[in-house]
Amino acid sequence: MLMTPDAASGRPGLLCAALATAVLASAIVLIDALAGPSPLAATERQTAHRDLEQRLAAHSPNRAGDFTRPQAGVEGGGLSLGISDIVAPSDAAELKGAIRRADFRLAAIREGEAEVPRLYVAALPPDLPEIDEIETRKQVFLGSVLPLVLLANEELRQRRARLLDLVSRLETGKEVAITDRAWLDALAEHYEVEHGDFSGLKLRVAEIPPSLALAQAIVESGWGTSRFALEGNALFGQRTWSAEALAIVPERNRSVRVKAFIDLMDSVRAYMHNLNTHGAYVELRSERARLAATRQGPGGAQLVYGLESYAEIDGYVEKLQALMRDNKLAELDDAALRSRPLTALAFH
């Protein structure tokens, strides 16, 4: 389970920067999920699931300046980066068909002979665990999650490029617009550093290797078959301690609270944000920066050692390493998204 502080786990925070004639508001919204009491009857579970869906829909953010869930034209990317297909499959057959039509070819991607389609899978279908063939289930999971990981990294890359450009302009005495200064302040708030701490921002606004993200999603969601993944779009087992949080109710452990998300992409973004901000992962971020400074592309194999505090189980790092090795995930660290479509889609 991912360690995540209450302050960053779900209560909407309003970031305001004074402008000359207007106010730039940046709302940072993360959706919490609750894990709760012991086993529910089937009808009670269905009712709880419907309630969660309604509450998730009601809390879906869609506002300018939102770093967590941006729409077209808003800094941070999201669907403004260009999504070729948005899929909310009702069953596994529909998802498999979408992945096939998108021409997701895992073997060719591993060899660098094909690019990853800009496929946006909003949720995993409830019958995913019923796919009997293990290799097929793995292909479907990777075909659903790898594009989202690459899209989230593209958002981070775009955000980092703007950060570095603005810092360079400030350091060389060039003019920086007041809206850009406000954006930097909002970014500092979001990444939990002091305003003007550009070194701290550079350490935090950076990509997560796909092999690392995929290995953790596999462990924490059971290849997408866990109840948290299927009912709460929770791929990474992220915990929260907010009593007011949106909730999914596990059947066994009343003390565990697990975040739920609007869709799978929100889960990926929240996971990356936690690795980029939580105090438990300082060494991971430092090692990433060190490797980047030597012009090495940090891969999951190098950064996995910074995740010893991620889960309260023995041999967690070794388990991730075995998954990376057995499923050739390191070969996906260099995977590239297809070129953006001519017309980007907006998510309303």
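Computed values, structure above
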{"item": "Two-site label geometry, residue 308 and residue 169: point separation in nm, points 7 Å out along Cα→Cβ", "result": "4.3 nm"}
{"item": "Over the stretch 145-214: Kirkwood hydrodynamic radius from C-alpha pairwise inverse distances, Å", "result": "13.0 Å"}
{"item": "Backbone N within the stretch 183-207 under 17 Å of label point (7 Å from residue 161 Cα along the Cβ vector)", "result": "205-207"}
{"item": "Ranked list, fewest to most other Cβ atoms within 10 Å of each Cβ, for 316, 310, 305", "result": "305, 316, 310"}
{"item": "Cα extents of the stretch 78-227 along the three principal axes, largest first (Å)", "result": "61, 30, 28"}
{"item": "Inter-label distance, nm, simple model (7 Å from Cα along the C-beta direction), residue 138/residue 181", "result": "5.4 nm"}
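Every number here is computed from the coordinates shown, using simple stated rules; none is lab data. All figures in this text were calculated on a predicted structure; none of them were measured in a lab. Note that we place each Cβ from the backbone using ideal geometry, even for glycine, and neighbour counts take in every protein chain shown.
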